[in-house]
1. Can you find a residue in the range 57-69 that is in a strand (DSSP E or B), assigned by TED's automatic domain parsing to the domain that holds D121, surrounded by 21 or more Cβ atoms within 10 Å (Cβ to Cβ) and modelled with pLDDT under 95?
2. What pairs come out if I take residues in the range 1-24 that are hydroxyl-bearing (S, T, Y) and pair them with residues that are modelled with pLDDT of 80 or more whose C-beta lies under 7 Å away, six or more apart or interchain?
3. What are the residues in the range 91-109 that are touching a residue at least 40 places away in the same chain (Cβ under 8 Å), more than 18 Å from the chain's Cα centre (by Cα) and not in a strand (DSSP E or B), if any?
4. Give V36, V88 a once-over and let me know the one that is assigned to a strand (DSSP E or B), among the hydrophobic types (A, V, I, L, M, F, W, C) and either at pLDDT 95 or above or over 14 Å from V119 (Cβ atoms) (or both).
Amino acid sequence: MAPTLNDEKPEPGDLIEIFRGKYQHWALYVGDNFVVHLAPPSEGPGARANSMMSVLSDKAKVKKEDIWDVVGHDQWCINNQLDEKYQVRPIHEILTEAQAYVNQEMPYSVFRWNCEHFVTDLRYGKAESRQVRQVVKTVGIVATLMGIGIFVFAFVVDIFRGGRRRRRRRRRRI
């Protein structure tokens with residue numbers, strides 16, 4: 001049984017972040033060792049090998065499962081960091097809504113509606129995925145750096161070509 005990173009005990013309504021290698025899976029703790037989570041077909045404990053398959057999924061199922069069945073041997077932590085940004089909805093509302101979704105199939109999109117969007121929407125009434133924001137930010141930075149690199153390369157090539165042309169013109173005049 002994998003402990004939390006800080007050996008904390010979750011309380012109903014807490015967000016559970018599960019580290020699956022290159023991404024995190026998210027669940028909502030509902031008490032009595034159960035979590036509710038949005039699970040595409042490829043999601044499960046030790047899902048690392050199948051994690052990229054969730055990119056292809058457009059549907060996912062809301063499941064209520066034992067926390068240890070979802071976590072498996074992966075590390076996990078309680079992560080309510082958005083409490084600083086948003087007001088937490090009343091716990092009874094969070095739990096009632098989470099229970100109402102159990103066994104429902106929902107649309108799924110890695111970028112627009114994933115497991116993190118689902119649980120933050122339950123807890124705060126705001127669907128947000130910080131890992132998607134980080135990917136978008138990283139891609140933006142990489143694209144910007146590539147653009148700058150291409151510009152610098154083109155500039156250097158232009159100077160080199162221009163310099164060669166000027167030297168050729170000078171030789172002809174002599």
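The values are calculated or read from the model by the stated rules, or taken from the named source; none is laboratory data. Predicted model, so just to flag it, every value in this text is computed and none were measured. Cβ placement follows ideal geometry from the backbone for every residue including glycine, while neighbour counts extend to all protein chains displayed.
1. yes
2. T4/W76; T4/C77; T4/I78
3. Passing the criteria: I91, I94, L95, A98, Q99, Y101, V102, N103, Q104.
4. Details: V88 fails: assigned to a strand (DSSP E or B).
Result: V36 is the single residue among V36, V88 that is assigned to a strand (DSSP E or B), among the hydrophobic types (A, V, I, L, M, F, W, C) and either at pLDDT 95 or above or over 14 Å from V119 (Cβ atoms) (or both).
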